[in-house]
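What follows is a set of notes on a single structure, which appears directly below.
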Amino acid sequence: MTDMAKDFPTAAPQTPRLDFNTPALQRRRRRRAFEDRLARWYVSIGGLAVLGAITLIFFYLAQVVLPMFQGAELNVHGEPQRPAWLADQGEALLLAVEEQNQVAMRLDTHGQVRFFEANGEKRLLGQAALPIPEGAEILSLGRDQPGSNRLVLGLSNGQALVVGHSYRVTYPDNRKTITPSIDYPYGEAPIQLDPQGRPLQEVAMNVGNDGLLLAGSTGNQVLALELSREENLLSGETTLSERRLELPQLAEPVKALLIDPRQLWLYVINGRSTADVFDLRQQTLNGRYKLLADPQAEVTEVAALLGGISLMIGDSTGGIQQWFMARGEAGPELKNIRGFQLNGSPIVQILPEERRKGFIALDAAGNLGVFHSTAHRTLLIEPVAGAAAQAALSPRADRLLVESAGRLQGFELDNPHPEISWSALWSKVWYESYDEPKYIWQSTSANSDFEPKLSLSPLTFGTLKAAFYAMLLAAPMAICAAIYTAYFMAPAMRSKVKPVIELMEALPTVILGFFAGLFLAPYVEAHLPGIFSLLLLTPLGILAAAYGWSRLPESIRLRVPDGWEAALLIPVILAVGALALGMSGHLENWFFGGDMRLWLSNDLGIPFDQRNALVVGLAMGFAVIPNIYSIAEDAVFSVPKSLTLGSLALGATPWQTLTRVVILTASPGIFSALMIGLGRAVGETMIVLMATGNTPIMDINIFEGLRTLAANVAVEMPESEVGSSHYRVLFLAALVLLSFTFIMNTAAEMIRTRLRKKYASL
């Protein structure tokens, strides 16, 4: 027994087992599970909320933008009226509606002017008889440029009567009252335009800074008369001086006359479709132009758009062509810019808007068309009458009055954004007085005849240009710095370098923009050779320093701890920078005649602006570097050490391990860093706002300025009228920026996912 006890000793006492199901541990597990679920729901709800907010922003921008692309709408205003005073009257020469849409005017062939209510029953408010000489008749009518209430009547005795109609607004007893009247700015006595007393078949007029210019035609003879008004400073008496212009006789009868508002050109439409343009200063024929390509078609109506530069030519086939003077090979030429089509019936009337470059056309079949010239847009085609005899468009272009078959009918026109079209926003547009189609952004002007130029192409180009030059500087520096910091640098040095670079991201961009605009831009201009020398010599200096370091004895090289070699480059970079900038003036004198900016402009023909893309690239690249560096460095540092050590154990050098293992594994993170940096550069506002000059031009030249979408919204949004076309186009710019960022990020995520799957096996 004793021996057996020795062979089989008794078991040692067992340690008590821990109880993992105590109430305290159960409560802890329940609390932890609750916290996990809460965190999961919190993150999920937060992510969905962000996506929902972005979606709402997108739909809000779209809701503001979409009304721009809707067409015009025409609604009948009241019932057709046949007022008693309209019976047995002469044919209407002119209909007009004043700005408040309350009073209308009708001028007939007998020289009777009647003012009546524009709304309701069209009650007669007043009438007047023009001082037409006895035995004379009204044969023709010409109007001053759109927006003016002056007109000229051509009489059968060779005389011309200049008439104006005005509407005075008063508030007796706090009630608005509009009092219409007829005035004669050059006297009630008609002006003898033709000394021989021949009938004036066509007349035209223009009141400019130099006085009144009248033109008339008697068959194929064109007459022109200048009237200058002079006032005696002592007596206050006003005298008119006349000067007749000698113009050559034409081969065919004249159909229409129009005078350029600057009194430079006289347009004479004659024959079936010929336009003769006379230089009024030289009193010579500038050229003869064929207006219609179809030999069977003929011109039926001619009108000038707002500003008097563009001529709208209506023909017998329902087409409308826009012409204006533009620079040609041999000087100014009348050029066909664009065309519109109403219907197949002849155009009988063209009504230009008084505040925009739009117009309304009526054809012989009673069809009405609403068009805009610059946008090359047909907004509406709709029948309004059986045969429209005469029509009037209100100054605000929101009311139309049509007389047809002895009845007066009013229409309400809703056409808020005619100047917007996809072609006007993204294609080249041939603007008035330009020699060719161009991309232009110019939303405002001091001139009321201004033609809005709302092309988003130069703004989009400027956005990409600024981002390109910023990334050209930031991407190589940030990626290389991230790789070196994460892979080669000593941990102690990395712990100091990385926080300093990431701290750069906290610097406000407005400070960077302020610094770039006020200091960096003039400094770069004054030290151009030094800046380019610095960009070239810095990498060469680093390579030379590295080569020299590698040739030193090992006893010297081993004194520097592994991973601290980068500190040796600090004095190298400072020395290279001091050398390059110090030699700037000498280089400028040796190679560029003392001024590199003038050398670029005069010898190479490269324009130079002080605030240019080079300054933007330097300033915005400095702002983008921390974003790219931080994400890329984390991606490289996160590569498992087992991959690095395994590659080194298999005999690969550190450089081979970096290029064939580390960078490939970290490529999804590096690509994400580049995309985030690019998104930051695209959306940057303050730097480009203060350092570019904000010139919306399309030029890849690094020495030219630019304007970005974000900067344009920041600059012009406070000045835009809420609900206007300008306001909505700025929202469209924001929508384009949002869409571009969304598409870019989506594509980046797809590429990042493919890279992750491709290199996941490493």
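The values are calculated or read from the model by the stated rules, or taken from the named source; none is laboratory data. These figures come from a predicted structure and were not determined experimentally. Positions of Cβ are generated from backbone atoms using ideal geometry, with glycine treated the same way; all protein chains shown enter the neighbour counts.
So which strands (runs of 3 or more DSSP E) stay within the stretch 112-160 end to end and still have 3 or more residues that are surrounded by 17 or more Cβ atoms within 10 Å (Cβ to Cβ)?
Correct list: 112-117, 138-143, 150-155.
Under 6 Å by Cβ, and 6 or more places apart or on different chains, what pairs join a residue from the stretch 615-639 that is of a type in the set (A, V, I, L, M, F, W, C) with one that is outside any helix (DSSP H, G or I)?
616/692; 620/684
List every residue pair whose Cβ atoms sit under 7 Å apart, with the two residues 6 or more apart in sequence or on different chains, where the first one lies in the stretch 258-276 and is closer than 16 Å to residue 309 by Cα and assigned by TED's automatic domain parsing to the domain that holds residue 203 and the second, anywhere, is among the acidic types (Asp, Glu) and assigned to a strand (DSSP E or B).
The qualifying pairs are 265/279; 268/276.
Of these, 741, 708, which one is assigned by TED's automatic domain parsing to the domain that holds residue 692, within 15 Å of the chain's Cα centre (by Cα) and closer than 17 Å to residue 463 by Cβ?
708
For residues in the stretch 190-224 being of a type in the set (Val, Ile, Thr) and over 21 Å from residue 239 (Cβ atoms), which is surrounded by the fewest Cβ atoms within 10 Å (Cβ to Cβ)?
That would be 218.
Going through the stretch 326-349 one residue at a time, which ones are surrounded by fewer than 22 Cβ atoms within 10 Å (Cβ to Cβ) and either aliphatic (A, V, I, L, M) or in a loop (DSSP other than H, G, I, E, B) (or both)?
326, 329, 330, 334, 337, 343, 344, 345, 346, 348
Has the stretch 482-494 got any residue that is among the charged types (D, E, K, R), surrounded by fewer than 17 Cβ atoms within 10 Å (Cβ to Cβ) and either over 25 Å from the mean Cα position of the chain (by Cα) or outside the structural domain of residue 696 (by TED's automatic domain parsing) (or both)?
Our first condition is that a residue be among the charged types (D, E, K, R); within the stretch 482-494, this holds for 494.
Pick out the ones that are also surrounded by fewer than 17 Cβ atoms within 10 Å (Cβ to Cβ) and you get none.
No, there is no match, as no residue in the stretch 482-494 is among the charged types (D, E, K, R), surrounded by fewer than 17 Cβ atoms within 10 Å (Cβ to Cβ) and either over 25 Å from the mean Cα position of the chain (by Cα) or outside the structural domain of residue 696 (by TED's automatic domain parsing) (or both).
Of (1) more than 19 Å from residue 104 (Cα to Cα); (2) part of a loop (DSSP other than H, G, I, E, B), residue 395 satisfies all except one. Which?
Failed condition: (1).
Output the number of the condition that residue 286 fails; it satisfies all remaining conditions of (1) touching a Gly at 6+ places or on another chain (Cβ under 9 Å); (2) not assigned by TED's automatic domain parsing to the domain that holds residue 253.
The single condition residue 286 does not satisfy is (2).
Among the numbered criteria (1) out of contact with any Pro (no Cβ under 8 Å at 6 or more places or on another chain); (2) crowded, with 17+ Cβ neighbours inside 10 Å; (3) charged (D, E, K, R), which single criterion is violated by residue 721?
All conditions pass for residue 721, except number (2).
Picking from 396, 407, which residue would you name as being assigned by TED's automatic domain parsing to the domain that holds residue 344, surrounded by fewer than 16 Cβ atoms within 10 Å (Cβ to Cβ) and of a type in the set (Lys, Arg)? Spell out how you get there, then give the answer.
Numbers: 407 fails: surrounded by fewer than 16 Cβ atoms within 10 Å (Cβ to Cβ).
The conditions single out 396.
Here is a list of conditions, (1) over 17 Å from residue 688 (Cβ atoms); (2) modelled with pLDDT of 90 or more, and residue 604 meets all of them except one; can you say which number that is?
Of everything listed in (1) over 17 Å from residue 688 (Cβ atoms); (2) modelled with pLDDT of 90 or more, residue 604 misses just condition (2).
Just one of the numbered conditions (1) hydrophobic (A, V, I, L, M, F, W, C); (2) more than 30 Å from residue 688 (Cβ to Cβ); (3) under 12 Å from the mean Cα position of the chain (by Cα) is not true of residue 429; which one?
(2)
Taking residue 385 as meeting all but one of (1) within 18 Å of residue 297 (Cβ to Cβ); (2) not in a strand (DSSP E or B), write down the number of the exception.
(1)
Across the stretch 423-477, what is the number of residues that are within 22 Å of residue 304 (Cβ to Cβ) and aromatic (Phe, Trp, Tyr)?
Qualifying residue count, the stretch 423-477: 4.
Looking at the stretch 698-712, which of the residues that are surrounded by fewer than 20 Cβ atoms within 10 Å (Cβ to Cβ) and in contact with a helix residue (DSSP H, G or I) (Cβ under 6 Å, 6 or more places away or on another chain) is nearest to residue 617 (Cα to Cα)?
Across the stretch 698-712, the extreme among qualifying residues is 702.
Can you pull out the residues in the stretch 467-481 that are buried (at least 19 other Cβ atoms within 10 Å of the Cβ) and not hydrophobic (A, V, I, L, M, F, W, C)?
If the condition is that a residue be buried (at least 19 other Cβ atoms within 10 Å of the Cβ) and not hydrophobic (A, V, I, L, M, F, W, C), then 469 is the only one that fits.
If the requirement is being without any contact (Cβ under 8 Å) to a residue 40 or more places away in the chain, among the aliphatic types (A, V, I, L, M) and closer than 25 Å to residue 330 by Cβ, which of these qualifies: 311, 247?
Unique residue meeting the criteria: 247.
Which members of the stretch 677-701 meet the condition of being under 17 Å from residue 624 (Cβ atoms) and of a type in the set (A, V, I, L, M)? Give the steps one after another, and end with the answer.
Here is the first cut: in the stretch 677-701, the residues under 17 Å from residue 624 (Cβ atoms) are 677-692.
Selection gives 678, 681, 682, 686, 687, 688, 689, 690, 691.
Any idea which of 748, 734 is assigned to a helix (DSSP H, G or I), under 22 Å from residue 686 (Cβ atoms), in contact with a helix residue (DSSP H, G or I) (Cβ under 6 Å, 6 or more places away or on another chain) and assigned by TED's automatic domain parsing to the domain that holds residue 673?
The unique qualifying residue is 734.
Restricting to the stretch 55-79, and then to whatever is touching a residue at least 24 places away in the same chain (Cβ under 8 Å) and β-branched (Val, Ile, Thr), can you tell me which residue is farthest from residue 456 (Cα to Cα)?
Just the residues of the stretch 55-79 that are touching a residue at least 24 places away in the same chain (Cβ under 8 Å), to begin with: 57-58, 61-62, 64-65, 67-78.
After this cut, where a residue has to be β-branched (Val, Ile, Thr) as well, the list is 57, 64-65, 76.
Details: 57: 21, 64: 17, 65: 14, 76: 36 Å.
The selected residue is 76.
In the stretch 50-96, what residues are under 25 Å from the mean Cα position of the chain (by Cα) and either assigned to a loop (DSSP other than H, G, I, E, B) or more than 30 Å from residue 422 (Cα to Cα) (or both)?
Scanning the stretch 50-96 gives 70, 71, 72.
Any residue at all in the stretch 147-161 that's over 22 Å from residue 90 (Cα atoms) and not polar (S, T, N, Q)?
Step one: filter the stretch 147-161 for residues over 22 Å from residue 90 (Cα atoms), giving 147-148.
The next check asks that each one be not polar (S, T, N, Q); those that pass are 147.
Checked against the condition, which is being over 22 Å from residue 90 (Cα atoms) and not polar (S, T, N, Q), the stretch 147-161 yields at least one hit.
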